[in-house]
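Here's the structure, in structure tokens; my notes come after.
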Amino acid sequence: MDPEKKQERVIYTILWGVVFILVPVAATFQSLSGGMPFRLTEVINLWLGILPFFVLFLLHDLLAAPSLVEKGKPAVYAGITVGLVVLFGVYVWMSRRGPGPMGPDGPPMGMGMPPFDRNRPVPMAPEVMRFALGLLVLGVNLGVKYYLKSARSERRMKELQAENQGRQLETLRYQINPHFFMNTLNNIHALVDIDPEQAKASIEEFSKLMRHVLYEGDRPTIPLSKEVEFLRHYVSLMKLRYADSVRIDLSLPETCEGAEIPPLVLASFVENAFKHGISYEKPSFVRVSVSVEEGKVIFRCANSRQDSAQVRSHGVGLANVRGRLDLLYGNRYTLHIDQGGDVYDILLLLPATVNLEKEGL
């Protein structure tokens, strides 16, 4: 159970504890101060009178409120809440009308309500006051949930910002490391005499890649099209390094249908595939594919599996990637890694859109 959920339970326990304890105590003290004897049945009747409000609260808290606050389904919330309000209103009316030991116009024994005199003028009828109190209970329940959701959203925002800063530094230090710069620049340098036009194109790709890392890497999400372009440039530069010694297959979508994803998440897996899946002693391959289908971004990255030490290194940044995905998507994404045989295969399914306001980010 997350901290906000525990805090919510503590708040409700305190509030209802105060109601169930202090209200009877106050009523008993008032009776004694008026010279009336203490009667346990009166306390029990008060508890029974409070009980319907507690049941209304529980039903609203467990059935209705989550559909609005957590799932963002106002129509479902409205339907359930209207049903609860109608049932509570019927209960209030029937308790007013029901016969009982207190008289034909009073509530039955056990409801914890005083008899109602139709001829006595009052500012507001007792049943209307009880109904209004029931609505107040629902309002308090909803207010507490939104307050805690706001606190949770603020906490998650701070976590994401801190994680983004740490991830960007890690990216600059490890992912785009000095070896990558050296090897890529050496490859480009070799092309200057052999194919000057290709060397110019490679420098432009290298510039675009670094621009993406520096200016897009600190955002919660970016258009999938930008991440796809990054992969295109990255793989193109890797082909310069490995030439024909490694089989490299890249399948990227022509259109991304407005999809958004966290920056550099896909690039992290691709970089690891080249870093830990390539061997100059035996045939190696890297296969990367990205597609958008039925509202989901489907990413697959497979590479030839090397020795166990390299496989262990392949997962160095996996915990950070999972942490970012958890913050953005909760349980709405799938990350499956297959390390069987001679292939290291990754399947990642992400929602094509991320509602940052709804997620509290």
Query - In the range 191-214, residue farthest from L231 (Cα to Cα) [restricted to those that are part of a helix (DSSP H, G or I) and acidic (D, E)] - result: D193
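Looking at G134, G103, G89, G83, which one is loosely packed, with under 14 Cβ neighbours inside 10 Å, of a type outside the set (A, V, I, L, M) and at pLDDT 85 or above? So that I can check it myself, show each step before the final result.
Numbers: G134 fails: loosely packed, with under 14 Cβ neighbours inside 10 Å; G103 fails: at pLDDT 85 or above; G89 fails: loosely packed, with under 14 Cβ neighbours inside 10 Å.
It is G83.
Condition check ((1) farther than 11 Å from P263 by Cβ; (2) of a type outside the set (D, E, K, R); (3) in contact with a Ser or Thr (Cβ under 9 Å, 6 or more places away or on another chain)) across all residues:
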{"residue": "A199", "(1), (2), (3)": "yes, yes, no"}
{"residue": "I203", "(1), (2), (3)": "yes, yes, no"}
{"residue": "L231", "(1), (2), (3)": "yes, yes, no"}
{"residue": "L237", "(1), (2), (3)": "yes, yes, yes"}
{"residue": "D244", "(1), (2), (3)": "yes, no, no"}
Query raised in the report: Is the range 246-258 home to any residue that is part of a helix (DSSP H, G or I) and either more than 19 Å from V343 (Cβ to Cβ) or free of Cβ contacts under 8 Å to residues at least 60 places away in the same chain (or both)?
Result: no
Report task. State the number of residues belonging to the range 51-73 that are within 13 Å of Y12 (Cβ to Cβ) and among the small types (G, A, S). Result -> 1
Query - Neighbours by Cβ (under 7 Å, 6+ apart or cross-chain): first from the range 80-95, over 14 Å from V55 (Cβ atoms); second among the charged types (D, E, K, R) and in a helix (DSSP H, G or I) - result: W93/E127
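Yes/no per residue for (1) surrounded by 13 or more Cβ atoms within 10 Å (Cβ to Cβ); (2) in contact with a Leu (Cβ under 7 Å, 6 or more places away or on another chain); (3) in the same structural domain as R287 (by TED's automatic domain parsing):
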site	(1), (2), (3)
E205	yes, yes, yes
L214	yes, no, yes
F230	yes, yes, yes
S236	yes, no, yes
R241	yes, no, yes
S245	no, no, yes
E254	no, no, yes
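Only residues that are over 30 Å from A190 (Cβ atoms) and touching a Lys or Arg at 6+ places or on another chain (Cβ under 8 Å): list them for the range 243-266, please. Before the answer, list the steps.
First pass over the range 243-266, keeping only residues over 30 Å from A190 (Cβ atoms): 253-263, 265.
Passing the criteria: P262, P263, V265.
The values are calculated or read from the model by the stated rules, or taken from the named source; none is laboratory data. Quick caveat: nothing in here was measured; it's all calculated off a predicted structure. Every residue, glycine as well, gets a Cβ built from its backbone with ideal geometry; the counts of neighbours run over all protein chains shown.
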